[in-house]
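Visitor: My structure is below; once you've seen it, I'll send some questions.
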Ligand code: FES
Ligand code: FES
């Protein structure tokens, strides 16, 4: 099939964009290069590491392998769509409070995977968290702090109290 060459309508973080991109363009490239959304990172480019994770209709997806042509009508959320510097999402606030990151390259994917998990399971066990994150790689070894941060976010979200440092 010959790829379509735009315009193409993508809804990202609640805003709809009309973009002159080829339908075969990869979502990660469109987000970073056309929409200047640099939360999603290029890691492996092979759907193996999770650095490029976004939410599509509430579920995690690997933007490095997804052509944008099939995404019209979907709700795409990137890290930038979760919260702001002034009002971070509870998962973002917990990662800041617990210093749950080192180089930060993996953290986009881990925060989005954790957010999707907490929507499905508001009070997850450690095993639930490990299962949800098992395909998000962190080469810095932040795993313990990540677990602590996600538990703190779950507590804050279920009690409707802010994350306390
Ligand atoms: S860059 Fe997409 S999974 Fe690694
Ligand atoms: S904090 Fe560096 S890869 Fe996870």
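Bear in mind these aren't lab numbers, they're just calculated from the coordinates by the rules spelled out. This one's a predicted model, so the numbers in the text were calculated from it and none came from an experiment. Cβ coordinates were reconstructed from backbone atoms using ideal geometry, including for glycine residues, and neighbour counts include every protein chain displayed.
Visitor: Below 8 Å, C-alpha to C-alpha, sequence gap of six or more: please give me the relative contact order for the chain in percent.
Guide: 22
Visitor: Sort 149-155, 13-19 by packing, meaning the average of other beta carbons within 10 Å per residue, with the highest value first.
Guide: On the way: 149-155: 22.4, 13-19: 12.4.
Packing order, densest peptide first, comes out as 149-155, 13-19.
Visitor: What is the packing order of peptides 103-109, 118-124, taking the mean over residues of other C-beta atoms within 10 Å and listing the highest first?
Guide: Those peptides, ordered most packed to least, come out 103-109, 118-124.
Visitor: Sticking with this structure for a sec: What distance in nm lies between label points placed 7 Å from Cα along the C-beta direction at residue 29 and residue 59?
Guide: Spacing of the two 7 Å Cα→Cβ label points: 2.5 nm.
Visitor: Cα centroids of the stretch 134-165 and the stretch 57-104: how far apart, whole angstrom?
Guide: 14
Visitor: For the chain, what is the calculated [θ] at 222 nm in deg cm²/dmol (nearest 500), taking -39500 (n - 2.57) for each run of four or more DSSP H residues and dividing by its residue count? Don't jump to the answer; show the numbers that get you there.
Guide: Numbers: 4 runs with 46 residues, N = 165.
Here the helix-only value at 222 nm equals -8500 deg cm²/dmol.
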